[in-house]
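The values are calculated or read from the model by the stated rules, or taken from the named source; none is laboratory data. Quantities reported herein were computed from a predicted structural model and do not represent experimental measurements. Counting neighbours? That spans all protein chains shown, and the Cβs are built from the backbone with ideal geometry, glycine included. For the accessible areas, the whole protein counts, side chains as well, though only heavy atoms, and no ligand, DNA or RNA atoms are used. Shrake-Rupley method; radii C 1.70, N 1.55, O 1.52, S 1.80 Å.
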There are 4 protein chains.
Amino acid sequence: MTFKDYIQIRERSEHLCSHLETEDFVIQAAEEVSPAKWHLAHTSWFFETFVLKPYLPDYKEFHPDFSFFFNSYYNAVGARTVRNQRGLMTRPTTKEVFDYRAYIDQQMKMVIERDLTAGVEETILLGLNHEQQHQELLLTDLKYNLWLNPLLPAVVNIKEYPKQDERGWVKVKEAIYEIGHEGKGFCYDNECARHKVYLEDFEIASQLVSNKEYLDFVNAGGYEKPDYWHSDGWAWVQQEGVTTPLYWLLEDEAAYYYTLDGKKELDLDAPLAHVSFYEAAAYAEWAGCRLPTEAEWEVGSKKFSWGERWEWTNSAYLPYPRYQKAPGAIGEYNGKFMINQMVLRGASVATSPGHSRSTYRNFFHPQYQWQFTGIRLCKK
Amino acid sequence: MTFKDYIQIRERSEHLCSHLETEDFVIQAAEEVSPAKWHLAHTSWFFETFVLKPYLPDYKEFHPDFSFFFNSYYNAVGARTVRNQRGLMTRPTTKEVFDYRAYIDQQMKMVIERDLTAGVEETILLGLNHEQQHQELLLTDLKYNLWLNPLLPAVVNIKEYPKQDERGWVKVKEAIYEIGHEGKGFCYDNECARHKVYLEDFEIASQLVSNKEYLDFVNAGGYEKPDYWHSDGWAWVQQEGVTTPLYWLLEDEAAYYYTLDGKKELDLDAPLAHVSFYEAAAYAEWAGCRLPTEAEWEVGSKKFSWGERWEWTNSAYLPYPRYQKAPGAIGEYNGKFMINQMVLRGASVATSPGHSRSTYRNFFHPQYQWQFTGIRLCKK
Amino acid sequence: MTFKDYIQIRERSEHLCSHLETEDFVIQAAEEVSPAKWHLAHTSWFFETFVLKPYLPDYKEFHPDFSFFFNSYYNAVGARTVRNQRGLMTRPTTKEVFDYRAYIDQQMKMVIERDLTAGVEETILLGLNHEQQHQELLLTDLKYNLWLNPLLPAVVNIKEYPKQDERGWVKVKEAIYEIGHEGKGFCYDNECARHKVYLEDFEIASQLVSNKEYLDFVNAGGYEKPDYWHSDGWAWVQQEGVTTPLYWLLEDEAAYYYTLDGKKELDLDAPLAHVSFYEAAAYAEWAGCRLPTEAEWEVGSKKFSWGERWEWTNSAYLPYPRYQKAPGAIGEYNGKFMINQMVLRGASVATSPGHSRSTYRNFFHPQYQWQFTGIRLCKK
Amino acid sequence: MTFKDYIQIRERSEHLCSHLETEDFVIQAAEEVSPAKWHLAHTSWFFETFVLKPYLPDYKEFHPDFSFFFNSYYNAVGARTVRNQRGLMTRPTTKEVFDYRAYIDQQMKMVIERDLTAGVEETILLGLNHEQQHQELLLTDLKYNLWLNPLLPAVVNIKEYPKQDERGWVKVKEAIYEIGHEGKGFCYDNECARHKVYLEDFEIASQLVSNKEYLDFVNAGGYEKPDYWHSDGWAWVQQEGVTTPLYWLLEDEAAYYYTLDGKKELDLDAPLAHVSFYEAAAYAEWAGCRLPTEAEWEVGSKKFSWGERWEWTNSAYLPYPRYQKAPGAIGEYNGKFMINQMVLRGASVATSPGHSRSTYRNFFHPQYQWQFTGIRLCKK
Ligand SMILES: [Fe+3]
Ligand SMILES: [Fe+3]
Ligand SMILES: [Fe+3]
Ligand SMILES: [Fe+3]
């Protein structure tokens, strides 16, 4: 690993924010999203905590309070700030956070340009993957934070709604398959161990469900009939008053949505985005199909193209056989979230370049819509 | 099927209530529990709605409002009463509900003693299994409802804490196994289709975790250290202030618990009961083990005895391959709950005689403690 | 005071319940209402705690736990049961509560038939007034508890909707007046000290607002226009979805309401009941009038008849000049509630005979509708 | 009125913010507080809406959406933004808000420098008083918004804790007095009509309760004994876990508080600030005194100095005799808040120069601590 590898990834975080106003960095519109400022600082805190402090002799903290401020879910590393008050921290300012990033990068340069031991290099690699994960969250959180503003600001164009072809069906034969990470490349602990699964015959769609297809479901009264929905999904629809995917604006004369590039007309041919698991499952039920399991997805993925939407599977997020938590603070990373969440496979238009692989297991609670989530149908 | 088969199961519901005061039938201490009166009426409503009305010519309803009152989650069969207000329905009275049961039984006698078609018999069988399921809930809900009363009333003795032997470990070899229901006997839709699974080697405990073993976890600070817990589990512990299994009363001089037969001293050798999935998983983590998957449990169950506790597995409640919902109202039965819940296997001291089988898939949300739930450890 | 005086008031409590089913005594449909059983027991507890224990030598408690169970807001007298769980206490049973009442009455007979000191007699008098207050609450709470039952049971006829004459206006001249309790009769601490107030000229209605008048307000869109409402009142209307007084059932063909004697057609000429302060104030604003202050009401009350509805005034519940709390536990009685509540004057169809006087200060939070509350208009 | 009068008041709003970072203008830490940016814009919106649009021919709006953004509680003037989402509006930016202010001032110059009709001048005067009111709120909201930041930033020094003399008692004799606004100067509608009140003899403190006196109450267990508290006050203490006035930091070695000028040692001789009505009333009870009524305060105020703290009275916020709402949108100003709030009299260290008078009726809900509120004792 060279410093250039490192800084290329780090710079992308700042680049994504280049059209933000100072105010845009501050806010947090829901407990599950974080301010842009927080993402920028927290990813730097990761390097400070897990690389600079343990491995750089005489490292001097940028600011003694930052390790308190920018910690997140790592219970093993000291007290955390209250998750739902991140948007109230006006200080450190955005400028101070950018200064913090610059300081960390300069210190990291020293670490990287010395002889790296395997342990440090592995931790830096984890830190860079962590940064990339937060780059995607930075974008999705930003979209949610700005969406509540009636001015619907345009801040970055990541081509959220690409074109796609007509749907076909890919067939997979009954057999024992292997899934999970293999080889020497980077992966998260939750992708291991690679293991055998027995799959029956199935067919999986070559394309994602489009805006047009989903609009048909909306127009057919999909949000009004409990039969298509899980019991918890129907309760969610009723309580939250959900009637469309997140960010849709169905107006009298036309259909629109909010994108990070501002309000646009709904592109009917583009893949649907911003549905919850409940919506994905209800749509599949309505369409007479089902969602794939994550094993079906991983096995099938060799035969279709993917990467535009995080695709909801019908698999709960649970450990693979022989799953081992990494030791220490980093070990809290994934295992503790293995309950109440559903697995998403693929990647999205907001995923950082080089951060996708077919064994990647993303996971969210079934009610969340704010990621670039979509639907791929499956049938026997 | 004879009327005697039918009435034997039906009478057990009333028998379980023989020491209740009229007042005890009324209340509902939490949204997820129901009043005893409601269980007694709802199980009768099932026969009225799915057997008597469709199959008994000239059947006359006992009361025109009961089908509104005692419906539950069957959205396809008309409006439901608000779930959390069942405990406010003082009318129909307990006596009227017993009269309703007698009327239904008398009408069912006519149906059963005529020539039964296969369709009717199958529905009656489902109704009797439904009654047995509610018999268990009647007991667990009653325990919860009476528990809040400082007098801790004793109402029925179901031998909640049987003795058990020392723990051993049962080994199972890596192979393709089949799980799911097989043959002609009764089963729920969620037990089908029988299908192949690939399992690696594992060992599973021959006995359940005992009160003594769990008390060690409590005394070792198990409820104070986030490391053992899922993130959502730890949040649950903090928010609800949980420090022991439900119904435990740790007093200065001794440890007690509440049973349906009143307050008793904690029997250290008996199997633990009334833990949530979060507690089960945290205990397993602390003990250096894990919970079995439901496939592991089903395959292993031939080699150990079970039936005293519903055993939390580390499997989410999801459909088996080729799962099909039953058509119509009865079809709402199981599929709509296949999200956000964990599978429990086995049976419990509160399960009705003849209602257990090794393919049975019980399911609850991970925070619930009020069933007779326990822990069986697993390790590689 | 004779035992006959005592027992006459006590028996009325039981008489009001003569048509209840056992189940009806148990429930509590909202935190601010109590079960019938609780009222019957709590009023007895008052005599046990403040008369029998201090004044009857060798008095033996009926049950050691009852003083814990049936205490209410008297913080000075030991722990209280959780207010919103009164409806979950199935034990002591209704029968046991009636036994408790009989026991208390028998013991009180001994106290009363001996030479009463002034202190004891005063406390008994307070206890009887307390019983009468709870008789009214027993009725209003019962109405609320049964209202949620779709069967709308009829349990007692207290002639809730009497006839009234046409409205006239009574004039009162500017002057210094005296208000507050005077003389030797019983009163609560909050009616003292009698004191001077300066009033300007005003006119006050000789009759209450009728159902017909209020229906005009409803039909004129009164619940849809924020202009008539206090800011907090409008928020209440929006959040609770209020569109009529409590217990009204506006159906397509006719207007009904629920009474303790069952569902009846709305009597247009009868005085309106079951409005909150917010509704009373909004109606007055719409009608171009205002609500009287409590001083205006008390001074004016000599010139009109009253006693069918508790009449909302525009006075907050605050201490009179020279107000003194009674010492000890009984002292907690009234003063601690002197914030956030509005004064109601008069009495109602549910008030016990002999329990009304023109200086009586009733008080409730402004959102509550479940008392027999009404509106008397005032203008300059 | 000259433009200089106008601009002097307007400039103070901006001057108070001169040490804020851009980020500090954005946030809203509780529903009842507003962002600094919002105050700056809303006060300008007032002039735009009530002066420029109606009175300046050909006035061109600065931005078509601002009248939607910066409206507050004036229901009569179009839709309002959701009150608790003000802190999520990153756009318009702080800079745009300052531009908006400059534009409004430039337009107002044109209005003011032409011949003003009485109606316009009166509305401008109301707008300037409105601006001054918001200047105080800007400071108190800012303090609350920054308080949650562990860095406790210092942003403006308004000398929050001035010195005061020893307490004496001022006597007032029983008589008919007049209270309410008199003469031609500016006042709010709630200060009218001036009217007679009958007061009994009373004594009122010449000084406010000091930090030292209140610390004695804290140390005497004042927050632990329900006897001193209103029932609602005690519930507030328990639910919110209140143990001191807002902004106090009782550390092991010394007592501190947060001020807008940063964290300081508690000045024992300075007047107490940031107590709720509940705390004020509980303190008075503990001290064997009471709070004055607003009439007592107004009559007594000629004999003591005041203006450092808003002083809680024991009077609810209700209309004076002959109170009239102003017509139209401005009429919504005060009357709709006349329920559930208590009157505060005096002024505070945060009150704008020239904005105090002895008839001023400030009002807040009894649980709020974030204004510069204090206690003046009264006794008979
Ligand atoms: Fe992170
Ligand atoms: Fe059922
Ligand atoms: Fe009472
Ligand atoms: Fe304003």
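Among the residues of region A:316-330, is any under 15 Å from A:Glu178 (Cβ atoms) and aliphatic (A, V, I, L, M)? Checked region A:316-330: no residue is under 15 Å from A:Glu178 (Cβ atoms) and aliphatic (A, V, I, L, M).
With respect to the stated conditions, D:Glu136 fails to be open to solvent by 50 Å² or more (accessible area, probe 1.4 Å), away from ligand 3 (no atom under 16 Å from the Cβ), among the acidic types (Asp, Glu) and within 30 Å of A:Gln85 (Cα to Cα). Tell me which residues, restricted to region A:183-203, are away from every other protein chain (no Cβ under 14 Å) and over 19 Å from B:Tyr198 (Cα atoms). Answer for region A:183-203, where residues must be away from every other protein chain (no Cβ under 14 Å) and over 19 Å from B:Tyr198 (Cα atoms): A:Gly183, A:Lys184, A:Gly185, A:Phe186, A:Cys187, A:Tyr188, A:Asp189.
In region A:296-326, which residues are among the basic types (Lys, Arg) and touching a Gly at 6+ places or on another chain (Cβ under 7 Å)? Residues satisfying the conditions are A:Arg309, A:Lys325. Just one of the listed residues (B:Phe70, B:Phe47, B:Phe25) is within 25 Å of the chain's Cα centre (by Cα) and without any contact (Cβ under 8 Å) to a residue 40 or more places away in the chain, namely B:Phe70. Are any of the residues in region C:261-268 in contact with a helix residue (DSSP H, G or I) (Cβ under 8 Å, 6 or more places away or on another chain) and open to solvent by less than 10 Å² (accessible area, probe 1.4 Å)? No, region C:261-268 contains no residue that is in contact with a helix residue (DSSP H, G or I) (Cβ under 8 Å, 6 or more places away or on another chain) and open to solvent by less than 10 Å² (accessible area, probe 1.4 Å).
Please verify whether region B:298-313 includes one or more residues that are open to solvent by 20 Å² or more (accessible area, probe 1.4 Å), in a loop (DSSP other than H, G, I, E, B) and within 23 Å of A:Tyr198 (Cα to Cα). Scanning region B:298-313, I find no residue that is open to solvent by 20 Å² or more (accessible area, probe 1.4 Å), in a loop (DSSP other than H, G, I, E, B) and within 23 Å of A:Tyr198 (Cα to Cα), so the answer is no. Taken together, the criteria exclude D:Ala41 from residues that are among the small types (Gly, Ala, Ser), within 11 Å of another protein chain (Cβ to nearest Cβ) and away from ligand 2 (no atom under 16 Å from the Cβ). The single residue among D:Glu166, D:Glu182 that is out of contact with any Phe, Trp or Tyr (no Cβ under 9 Å at 6 or more places or on another chain), in a loop (DSSP other than H, G, I, E, B) and farther than 24 Å from D:Val349 by Cβ turns out to be D:Glu182.
Each row is one residue, and each column tells you yes or no for (1) in the same structural domain as B:Ala326 (by the TED database); (2) buried (at least 20 other Cβ atoms within 10 Å of the Cβ); (3) more than 23 Å from C:His19 (Cα to Cα).
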residue: B:Cys17; (1), (2), (3): no, yes, yes
residue: B:Leu20; (1), (2), (3): no, no, no
residue: B:Gln28; (1), (2), (3): no, yes, yes
residue: B:Lys37; (1), (2), (3): no, yes, no
residue: B:Glu48; (1), (2), (3): no, yes, yes
residue: B:Pro57; (1), (2), (3): no, no, yes
residue: B:Asp65; (1), (2), (3): no, no, no
residue: B:Met89; (1), (2), (3): no, yes, no
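Would you call A:Ala36 aliphatic (A, V, I, L, M), in contact with a Pro (Cβ under 9 Å, 6 or more places away or on another chain) and either within 14 Å of chain D (Cβ to nearest Cβ) or within 16 Å of ligand 4 (Cβ to nearest atom) (or both)? No: the conditions fail for A:Ala36. Report yes if some residue within region D:223-239 is surrounded by 16 or more Cβ atoms within 10 Å (Cβ to Cβ) and either part of a strand (DSSP E or B) or more than 14 Å from chain C (Cβ to nearest Cβ) (or both); otherwise report no. Checking region D:223-239: at least one residue is surrounded by 16 or more Cβ atoms within 10 Å (Cβ to Cβ) and either part of a strand (DSSP E or B) or more than 14 Å from chain C (Cβ to nearest Cβ) (or both).
Among the residues making up region D:139-157, those that are outside any helix (DSSP H, G or I) and open to solvent by 30 Å² or more (accessible area, probe 1.4 Å) are D:Leu148, D:Pro150, D:Leu151, D:Leu152, D:Ala154, D:Asn157. Scanning region B:269-290 for residues that are in a loop (DSSP other than H, G, I, E, B), open to solvent by 10 Å² or more (accessible area, probe 1.4 Å) and within 14 Å of chain A (Cβ to nearest Cβ) turns up B:Gly288, B:Cys289.
Within region A:337-364, the set of residues being within 9 Å of another protein chain (Cβ to nearest Cβ) and open to solvent by 20 Å² or more (accessible area, probe 1.4 Å) comprises A:Phe337, A:Asn340. Of all residues in region C:350-361, those that are assigned by the TED database to the domain that holds C:Gly185 have Cβ atoms under 6 Å from Cβ atoms of residues that are open to solvent by less than 20 Å² (accessible area, probe 1.4 Å) and aromatic (Phe, Trp, Tyr), 6 or more apart or on another chain, in C:Ala350/C:Phe372. Residue count for region D:195-210, restricted to those that are touching a residue at least 60 places away in the same chain (Cβ under 8 Å) and open to solvent by 50 Å² or more (accessible area, probe 1.4 Å): 1. Would you mind stating whether D:Pro319 is open to solvent by 10 Å² or more (accessible area, probe 1.4 Å), out of contact with any helix residue (DSSP H, G or I) (no Cβ under 6 Å at 6 or more places or on another chain) and without any contact (Cβ under 8 Å) to a residue 12 or more places away in the chain? Against the criterion (open to solvent by 10 Å² or more (accessible area, probe 1.4 Å), out of contact with any helix residue (DSSP H, G or I) (no Cβ under 6 Å at 6 or more places or on another chain) and without any contact (Cβ under 8 Å) to a residue 12 or more places away in the chain), D:Pro319 does not qualify.
You will find that of B:Ala118, B:Ala175, the residue that is small (Gly, Ala, Ser) and either open to solvent by less than 50 Å² (accessible area, probe 1.4 Å) or within 17 Å of B:Phe46 (Cα to Cα) (or both) is B:Ala175 and no other.
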